[in-house]
Structures are given as C-alpha cells and as structure tokens.
Amino acid sequence: MGFMNTYITKFNKCKILVVGDLMIDEYLWGDVDRISPEAPVQVVSVKNENYTLGGSGNVVNNLVELGAKVSVIGITGTDRHGNLLLKKLNEIGVDTTGVIHDPDRPTTRKTRIIAANQHVLRIDRETKRKISAKTFELLAGFIEKKVSSADLVLISDYGKGLITNSLLSKLIESAEKHKKITIADPKGLDFSKYSGVSRVVSSSSLMPVFLATFIHISGTRTPSRSEQTIYIFSPICSQLQSPEDVACLYYSPQRYPEHC
C-alpha cells in the first residue's frame, strides 16, 4: 500500500471541485422503555441530537480530511437546515460561493433515530424534482468560473435532481475546454448520461448494471472518443496491483474490462 500513502500525501496540493447533492444528516439518540398506546410502536425519548454533512457534503468532508482544497457547487433550501449545512461547510474551510439557496426546494435531510444503540427508523425530507431553468443558469455560471481553477471535477450524484443531463453536459463541456479530468459517482440506472466523463466510480453492486448499460450504448458500432476513454473504478476489481492498473478498465467492442 506504499503507493497509496504516496498519493494521499499529495492531497494537500489538490484543488478539487465537487458538484453534487448536498445533504444534512440528523441523528436523534434516545431510550425506549415503553410501547405507544396509540399503535404497536416504540416510544423513543430523545436524549441527544447531532448533525453531520451528508451526501456530497460527506464527500467534501472526506476530501478536506485528506488535505485537499475543496470548492463545492450545489443547492440547499432557505430553511434553517440549509443554513446549518452551509455553516458546517464553511467551518471546514470549503469554498461555498457556488452553493445556491433555492426557496422552492427543501434542504435534503436524513433523520436517523437511534435507541438502545439500534437504528430503529430513518426519515427522509427531500425532493427529487429536477432543478429549474433559472437554477441551472446560475449553476452554469458557477461552473464556468470554477472549473478552470480546479485540478479535478468530482460529480457526486445522489439522484436528488441536481445532476441533470443539461448540467452534466455543461460540466463536461467546460472540463474539456480547460483540459480537466471529470470523475462521476453515479446514482440510479441511467448510466448513459455519464458518457463523456473521464472516469466513473461504481460500487460492486452497480458494476454489472453499468457494464450492461455501457455495452448497450456502444453496441457493435465503433465507440466515440468519450466511450473509448471512459474508465470504471470498483471494489470488485480486486486484482489491481499498481496505480497504473487503476485506469485500465474500459469497454470496447472487442474487449471486456480486464480486471473484472
């Protein structure tokens, strides 16, 4: 793992732009000592609560912990949880000038209720509605300003309506113009919209779906330049031996991904 340590120590030289679905994770901790008389459910007496960055906010937090200089583009609501989310990003030194406060959308919030060290319930407050044309124009402006100064663009898609086809096209166009690498962490089953990004990160559970989709997109015709150079990172590729191997996974009509 020596090569991993070498690359991790270089994070403090990286400027990374994260574009994705910002969330706030809320944790309610309590005790249960009775069942509700209204229904056969536990009554949780809340003793403590805390909040952490979730979604792409968690990605941002991890990058900062590794030493990277991070800028973020995303949206929150105008509610108090949106203000809390922005405060937490500012506290860790993130450039938040690309975050839009949209009065027509709630801040995505995941509330987890934990009693007697057991996660008993999760409550989601969110919308998956696609961003409006007005919001897109504002975000497109931030993309134009921020991509040029980043070393890398990370697209963190949680399927909450921010990462639309139009926004991805704008990101890819700007990244190509400024010769920047784009890495996408996809959500959902429509992987076709990620065609054109430099690399795609995928969990082992989604990899077969990604490969099937990507092969379907390419078919038997000659792949375009973007399809030939799209890379896939995944934990199921257990045979990686060196940093160079990380960038070897791709599809072409004649070959399957080498390490999967």
Need the C-alpha centroid separation for region 39-97 versus region 133-169, integer Å. 19
Env charge @ Leu86, Cβ radius under 13 Å, K,R +1 / D,E -1, value -1
So Lys145 and Ile123, fully extended at 0.36 nm per residue minus their Cα-Cα distance, gain in nm 4.3 nm
Can you give the charge dipole size of region 1-136 about its Cα centre, rounded to the nearest 20 debye, using +1 on the beta carbon of Lys and Arg and -1 on the beta carbon of Asp and Glu? 480
What's the magnitude of the charge dipole for region 15-82 around its Cα centre, counting Lys and Arg as +1 and Asp and Glu as -1 at the beta-carbon? Answer in Debye, nearest 20. 340
What pairs in Lys69/Lys180; Lys87/Lys110; Lys13/Lys146; Lys69/Lys193 have C-alpha atoms more than 19 Å from each other? Lys69/Lys193
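Each value in this text was obtained by applying a stated rule to the coordinates, not by laboratory testing. Quantities reported herein were computed from a predicted structural model and do not represent experimental measurements. Glycine also receives a Cβ, built like all others from the backbone with ideal geometry; neighbour counts cover every protein chain displayed.
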